Amino acid sequence: MISGRALHHVLRLGNRKANMDFYRKILNMKVLRHEEFTETCAAQCNGPYDNRWSKTMVGYKHEHESFVLELTYNYGVKEYKLGNEFGGVVIKSSDVVENVKSNKYPFEDIAGSKGDILIRAPDGFKFFIINEKVADGVDPMCFIIYNVSNLDNSIKYWNGLLNMSILRQDNKKALLSYNGGKFGIEFNKIDEKIDRGEAYGRIAFGVPYTLQPSIDELMKKNSKTILTPLVVLDTPGKASVRVIILADPDGHEICFVDDEGFSQLSEYDDKSEADLDKYIKKDPFQDQ
């Protein structure tokens, strides 16, 4: 039986400098680790691009204790066409609401709420900020939203095959999670064709190394899409990890990574923020 730990969701950046200012200065996220790659990822972690790229992990707490965002940047690619497959990220934080307003960052009030707001990253990704203070030790990251074409088919896949628990459901939406709601995915039925555009990402879950082959077998048995069969990915100077990449009925990508390797790879690196700023400063493809 599959049971995973939600690790991160990938977002693809165009203007790296502007976006990193947003995640750090507006959302108040911390840079947890930063990695540079000279060759494309064997599992297309940076998308269908064969070039130099970087990965920056940002969040409110360290990766071993919270859900974070993986921000990938392809050198030379300044913008991506947004699709409609990704609905946004939901964050609970009155501090972020205050920060948005004090910095005069553009926002929209969410009708019927008690001060909740919607803001957009420079590349257009939506962030819904719930205007509530979180208790000490609680991760402000609540859930991400995936738009889907058929809610029943999505539930059959994510609950029936991948064994995620249904926390709430109605005719249009369903929130699923592996850990009782500590972090989850809300599947939102939309009445238009799903368009993944060019900026699509993927969600990653950590599972035991020994469980990965059974995920491969389960997908094959049920004739489901495997985008990348079991493969080992290397990070220069850090631990290697084994992954298998799947796609759900609407093409949303799912990465199951081995917990053993990932626990070593994802250690906090206090030099990462300085490294990131160094690479941003000397990036030949973007105006500073």
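Applying the criterion of at least 3 residues that are among the aliphatic types (A, V, I, L, M) to the strands (runs of 3 or more DSSP E) found wholly in the stretch 135-250 leaves 141-148, 173-177, 202-207, 226-233, 241-247. Just a yes or no: is a residue in the stretch 169-186 exposed (fewer than 15 other Cβ atoms within 10 Å of the Cβ), under 22 Å from the mean Cα position of the chain (by Cα) and closer than 27 Å to Gly14 by Cβ? Checking the stretch 169-186: not a single residue is exposed (fewer than 15 other Cβ atoms within 10 Å of the Cβ), under 22 Å from the mean Cα position of the chain (by Cα) and closer than 27 Å to Gly14 by Cβ. Looking only at residues of the stretch 62-90 that are within 15 Å of the chain's Cα centre (by Cα) and among the charged types (D, E, K, R), we find that the one that is farthest from Glu192 (Cα to Cα) is Glu63. Taking first residues from the stretch 66-84 that are at positive phi and partners that are in a loop (DSSP other than H, G, I, E, B), the Cβ contacts under 6 Å between residues at least 6 apart in sequence or on separate chains come to Gly76/Phe285.
Whenever a residue of the stretch 145-158 is within 17 Å of Leu246 (Cα to Cα) and touching a residue at least 60 places away in the same chain (Cβ under 8 Å), its partners that are assigned to a helix (DSSP H, G or I) and among the hydroxyl-bearing types (Ser, Thr, Tyr), lying with C-beta atoms within less than 8 angstrom and at least six residues away or across chains, give the pairs Tyr146/Ser154; Val148/Ser154.
Given the structure, is Ile190 β-branched (Val, Ile, Thr) and either more than 25 Å from Phe125 (Cα to Cα) or surrounded by 16 or more Cβ atoms within 10 Å (Cβ to Cβ) (or both)? In short, no.
Every number in this text was worked out from the coordinates using simple rules, so none of it is lab data. These numbers come from a predicted model, not from an experiment. FYI the Cβ positions are ideal-geometry reconstructions off the backbone, even for glycines, and counts take in every protein chain you see.
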